[in-house]
Each structure stands twice: as C-alpha cells, then as structure tokens.
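One structure below.
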Amino acid sequence: MAVDGKKLGKLLARGVTRHLAQLNYRTLTEFTLSTGRRVDVIGLGPRGEVWIVECKSSKADFQSDSKWMDYLEWCDRFFWATPLGFPLDILPKNMGIICADPYGAEIVAPAAETKLSAPRRRSLTLQFARNSAQRLHALTDPKIDT
C-alpha cells in the first residue's frame, strides 16, 4: 500500500519525536512560530536548547519547499528528516540529517550549532510551554476554543 507524501511526513515526524524523546527532548509537532511559519517538529532539550526538524517525504517535497530558511533563526540546530532511500546529496550542507520511519529515527549527520539569542530563546520557550499546556487541556476538555 502506497503512502501519500503528507501521511509519510506525519509518520516521519512520529519517528523523529520518538528518537528525540530518547535524547531527553520534549517535542511538539506542527508548531507555529510567532512569524506564522509552521515547523514539522520542534524539540526542547534539557538545557533549553531548541532543535527544529523539517520532514521531507521525497525529492519533490524538498524541492517545492522554500520556507525552511525562515526556520534557521528560530533554533540552535536544524535537521532534515527523511525516509531511507532519500537522495541525501540534494540537502544543503551544515544541516543535520535524521533518517526516520514511523517507529524511530537516527541522526546520520549532526547539525551545525547556532545559538539563539537569550530574548528569542525565552520567548520561544514560553510559546512552547503555553502551546503544550493548551494541547494538554484540549485532550481533557475537547470543547475549549484552541
């Protein structure tokens, strides 16, 4: 059974979040930055470090995405998550690479580190916490306005 690109992207995100949890990161999927851009996965590490992971299901999916550069100023490290068999040589250099499937993932290339400014880190961490609380509340009270 073939999986469409959008569905595969969600399955890749699930594998990524499982792997990041093993690294002691807390994650949210489809997280909207204050710029209005939505990232596939954002991870908050034990020392407040922020990772963003953009899931790409195919070469065409990658080539049609021009918004990923807007994410770089919102994280300490940026990663691509791809399925096995993805042509990794088309990805930009100095970005991390995670090979993922629905059940897990592995970092195959580390990401270069660029430190967020303190005010941006504080703002992003607060937004992450509020978004997390809102999602948890929605699970216990589905009738709230989210």
Worksheet item: Any residue at all in segment 92-108 that is of a type in the set (D, E, K, R) and either within 13 Å of the chain's Cα centre (by Cα) or in a helix (DSSP H, G or I) (or both)?
Response: no
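Listed here are the residues, each with its yes/no results for (1) in contact with a Cys (Cβ under 7 Å, 6 or more places away or on another chain); (2) surrounded by 14 or more Cβ atoms within 10 Å (Cβ to Cβ); (3) β-branched (Val, Ile, Thr).
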{"position": "76", "(1), (2), (3)": "no, yes, no"}
{"position": "81", "(1), (2), (3)": "yes, yes, no"}
{"position": "100", "(1), (2), (3)": "no, yes, no"}
{"position": "107", "(1), (2), (3)": "no, yes, yes"}
{"position": "110", "(1), (2), (3)": "no, no, no"}
{"position": "131", "(1), (2), (3)": "no, yes, no"}
Worksheet item: Restricting the first residue to segment 115-141 and requiring it to be more than 18 Å from residue 39 (Cβ to Cβ), which pairs with a second residue that is polar (S, T, N, Q) meet a Cβ separation below 9 Å and a spacing of at least six or different chains?
Response: 137/146; 138/146
Worksheet item: Taking the stated definitions as given, is residue 61 at pLDDT below 95 and open to solvent by 60 Å² or more (accessible area, probe 1.4 Å)?
Response: no
Discussion item. Considering only residues that are at pLDDT 95 or above, among the acidic types (Asp, Glu) and open to solvent by 60 Å² or more (accessible area, probe 1.4 Å), which ones fall in segment 1-43?
Written reply: 30
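The values are calculated or read from the model by the stated rules, or taken from the named source; none is laboratory data. Note that the structure is predicted; figures quoted are calculated from it, not measured. As a convention, Cβ positions derive from the backbone with ideal geometry for all residues, glycine included, and neighbour counts pool all protein chains shown. When the accessible area is computed, the model is the full protein with side chains, heavy atoms only, and any ligands, DNA or RNA have been set aside. Shrake-Rupley method; radii C 1.70, N 1.55, O 1.52, S 1.80 Å.
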